[in-house]
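Q: Questions regarding the structure given below will be posed in turn.
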Amino acid sequence: MTKPTILVTGGAGYIGSHAVLALHDAGWPVVVADNLSNGRREAVPEGVPLIEVDVGDAPAMERLLADHPITAIMHFAGSIVVPESVTDPHYYYRNNTVASHALMGAAMKAGVRHILFSSTAAAYGAPEKVPLDEDSATRPINPYGWSKLMTEQMLRDVAATGAFNYGVLRYFNVAGADPEGRSGQASKGATHLLKVACEAAVGKRTHVDVFGTDYPTPDGTCIRDYIHVSDLASAHVLALEALIANPSESFTLNCGYGQGTSVLEMLDALDAVNGTPVKRVLGERRAGDPPQLVASNRRLVERLGWQPRFADTATIIRSALEWERRLPS
Ligand SMILES: NC(=O)c1ccc[n+]([C@@H]2O[C@H](COP(=O)([O-])OP(=O)(O)OC[C@H]3O[C@@H](n4cnc5c(N)ncnc54)[C@H](O)[C@@H]3O)[C@@H](O)[C@H]2O)c1
Ligand SMILES: O=c1ccn([C@@H]2O[C@H](COP(=O)(O)OP(=O)(O)O[C@H]3O[C@H](CO)[C@@H](O)[C@H](O)[C@H]3O)[C@@H](O)[C@H]2O)c(=O)[nH]1
């Protein structure tokens, strides 16, 4: 039986492109909507239509949804850098919350039945204890987290009217690259720890700054739960199948492995994989960083039957490093 067509917003970006690969590999017809503000045309596989459009442009999205028979939307498009959200909150609310509102309106007009949304561990703020389950308090400490949490709330309220069902996936720190080398993180001026560290490891940067060494953690640096992007992509395919199979049910699920790694542990692990140490410069804290974020993934595993394949930190690092070596400067 032919599978229904899925619209992937932000499908030319890092995580979205891996979801497109996972969908494509599993035989789902896909259409990508991306304004290429941080995405790359080459990240979209041949044969997958890429429509260059801003998801906040409601009339344009209505036209797109009239032109393509879309059953479900995976909504990745948005702005992603926590400290940037602190310096330019207005932009973050516009590109994340307001644009999602516009997309939702277009989806309702077109009768789209399912929406899967990229949310974030930043919704939990600076939790006192980890691991975090989905019922943990949501008190963001930066505008990025709020911009996503507000979108979650809109989805919840609109879905309650019966317009569609939704899945909210709260990703913890996404890292690594497609094991087959077809995609990876490629944006210029990247700020994510492993990406920056891999750039330093292959000589594209001189060093890695360690932002803060006085956090209340064992080695003083922030702890995060790094999840391989391809394991996250497979969670998306399972979540999509669940939304379609149970149209009256919506869900919110953490996506992480439940293992915390500090900044220094990550850099040590990279040095071990790479064989030569990357220069570290210990510095001040960065704005908006919570000390630790670690997921409980019990609900994701139980509800979707998710089985991660790349949870080993060295595996994540190896894939990121291989991708970085092949990526032109
Ligand atoms: N990377 C992480 O660790 C992480 C963690 C939690 C949540 N997320 C969320 O996952 C999603 C994807 O993140 P990513 O890391 O792949 O980032 P990315 O920047 O690589 O991908 C985002 C894509 O969306 C596009 N885009 C941005 N604004 C748009 C708009 N208004 N209209 C159309 N396209 C637009 C960009 O061009 C880009 O291709 C984001 O919503 C992000 O908030 C990421
Ligand atoms: O050059 C760097 C970059 C980062 N860090 C630290 O490394 C940790 C992780 O930072 P980063 O990789 O930038 O990710 P986060 O700020 O934790 O945010 C990511 O992870 C969140 C979920 O936890 C997502 O919501 C965000 O979109 C995504 O950018 C933080 O303690 C940073 O201070 C450094 O010390 N040096």
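The values are calculated or read from the model by the stated rules, or taken from the named source; none is laboratory data. Remember, predicted model here, so these are calculated numbers, not experimental data. Ideal geometry is used to build each Cβ from the backbone, glycine not excepted, and the neighbour counts take in all protein chains shown. The protein model used for the area step is the full one, side chains on, heavy atoms only, and it has no ligands, DNA or RNA in it. Shrake-Rupley method; radii C 1.70, N 1.55, O 1.52, S 1.80 Å.
Q: Just to confirm a number: summing +1 for Lys and Arg and -1 for Asp and Glu over residues other than Q259 whose beta-carbon lies under 11 angstrom from that of Q259, what do you get?
A: Counting the neighbours of Q259, the net charge comes to -2.
Q: Now for a separate question. Build a GNM of the chain with springs between Cα atoms under 10 Å: which of E180, E284, E62 gets the top mean-square fluctuation?
A: In the Gaussian network model the winner is E180.
Q: Kindly provide the helix-only [θ] at 222 nm of the chain, computed as the sum of -39,500 (n - 2.57) over DSSP H runs of four or more divided by all residues, to the nearest 500 deg cm²/dmol?
A: -11000 deg cm²/dmol
Q: Mind grabbing the accessible area of F117 for me, 1.4 Å probe, Å², rounded to tens?
A: Its heavy atoms expose roughly 10 Å² to the probe.
Q: Tell me, what is the 1.4 Å probe accessible area of R156, in Å² to the nearest 10?
A: Accessible area, nearest 10 Å²: 80 Å².
Q: How big is the antiparallel share of DSSP beta bridges in the stretch 175-329, given as a percent to the nearest 5?
A: 25
Q: A further question on this structure: Which cross-chain or sequence-distant (5 or more) residues have an amide H under 5 Å from the amide H of I223, H modelled 1.01 Å from N in plane?
A: When sequence neighbours closer than 5 places are left aside, the close amide H contacts are Q292, L293.
Q: With a 10 Å radius around each residue's Cβ, average the other Cβ atoms per peptide and rank 253-260, 17-24, 274-281, highest first.
A: Top to bottom by mean Cβ count within 10 Å: 17-24, 253-260, 274-281.
Q: Calculate, for the stretch 53-124, the solvent-accessible area per residue in square angstrom, rolling a 1.4 angstrom probe over the heavy atoms of the protein chains.
A: That works out to 40 Å² for each residue.
Q: Which pairs in the list K148/K195; K129/K204; K129/K195; K188/K279; K3/K109 are over 30 Å apart, alpha-carbon to alpha-carbon?
A: Too far apart for the 30 Å limit: K129/K204.
Q: Which percent of the accessible heavy-atom area of the chain goes to carbon and sulfur, probe 1.4 angstrom?
A: It is 51 percent, rounded to a whole number.
Q: Once each part is reduced to its C-alpha centroid, what is the distance from the stretch 13-35 to the stretch 154-198 in angstrom?
A: Taking the Cα centre of each part, the stretch 13-35 and the stretch 154-198 sit 12 Å apart.
Q: A further question follows. Place a +1 charge on the Cβ of each Lys and Arg in the chain and a -1 charge on the Cβ of each Asp and Glu, then give the dipole magnitude about the Cα centre in debye, rounded to the nearest 20.
A: 200
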